[in-house]
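Structure record follows, encoded as structure tokens.
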Amino acid sequence: MPSFDNVALSTTRLLLRPLCPSDAEALLEVHSDATVMQYSNTPPWTSTEQARALIDQGLRGVRTGEHLCLGIVPQDAGSVVGTCTLYAISESSRRAEIGFILGAKAWRRGYMAEALGALARYSFLELNLNRIEADTDPRNLRSIATLEQFGFVREGYLRERWIISGEKSDTLLYGLLRSDWENIHVPKAEGGT
């Protein structure tokens, strides 16, 4: 994969950009909220060191092309309200996994659907991926609704996949094919099929 150093994606209301050191406090606010982290595969954060580690990991992945972690920044606010990440990228199979998180203050505004739209467009059109995968806790109704509204299809169920702070949780697996995405999200040329 190429370096993602210069990747910044814009939507009507959002800028998706690589994380930077000044994002640490905003990321800690998102990841320390027990409600936000309820269905995460890690417990809520307790220090800015955890935020700095995510930033360092994200910047390293951007430089090497290993993964693309983008901060979600409302254009009218200026600070990060969440992240969306493309990882486990397989050039030979033309697939990758996505992960996303959004702070509670930014819920119910359609930001995640907008961010996923930009990331999917980039993944399919710029990276030429054929498939994007996601997994979520079956109890995470917001995440499930976002994925399904965007066109992801439920493809599997893994029992007791995660153990976080001693609690076992299952996982739903979702997939989105480029052809499905094109049928749903790419306007057809007038008179075309």
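Every number in this text was worked out from the coordinates using simple rules, so none of it is lab data. Small disclaimer: the values here were computed from a predicted structure and weren't measured. All Cβ positions, even for glycine, are placed from backbone atoms using ideal geometry, and neighbour counts span all protein chains on display.
Using helices alone, what [θ] at 222 nm do you get for the chain, with -39,500 (n - 2.57) per DSSP H run of 4 or more residues, divided over all residues and rounded to the nearest 500? Helix-only estimate at 222 nm: -8500 deg cm²/dmol.
For Glu182 and Glu25, the FRET efficiency from 1/(1 + (r/R0)^6), where r spans their Cβ atoms and R0 equals 30 Å, is about 0.15. Considering only Ser92, Ser47, Ser169, the Gaussian network model of the chain with Cα springs below 10 Å gives its largest mean-square fluctuation to Ser92.
Shape of segment 9-185 from the C-alpha gyration tensor: rounded (a/c under 1.5, with a ≥ b ≥ c the square roots of its eigenvalues). Considering only alpha-carbon pairs that sit under 8 angstrom and 6 or more positions apart, the relative contact order computed for the chain is 18 percent. Can you work out the PRE-style zone for Glu91? Point 7 Å along Cα to Cβ, and I want the residues of segment 1-30 with backbone N under 20 Å. Correct set: 1-7.
Here the residues Ile72, Ile55, Ile89, ranked from fewest to most Cβ neighbours within 10 Å of their Cβ, fall in the order Ile89, Ile55, Ile72.
Extension gain, Ser3 to Glu66, is 21.9 nm, computed as 0.36 nm per intervening residue step minus the present C-alpha separation. One chain, two ends: Glu133 and Arg108. Fully extended at 0.36 nm per residue, the span grows by 6.7 nm beyond their Cα-Cα distance.
R0 = 45 Å: FRET efficiency of Ser10 with Glu160, Cβ-based, nearest 0.05?
It comes to 0.65.
Seen from all sides and averaged, what is the projected area of the convex hull of the Cα atoms in segment 68-137, in nm²?
Quarter of the Cα hull surface area: 5.1 nm².
Between Lys168 and Glu126, the FRET efficiency from the beta-carbon distance, with R0 = 25 Å, is close to 0.05.
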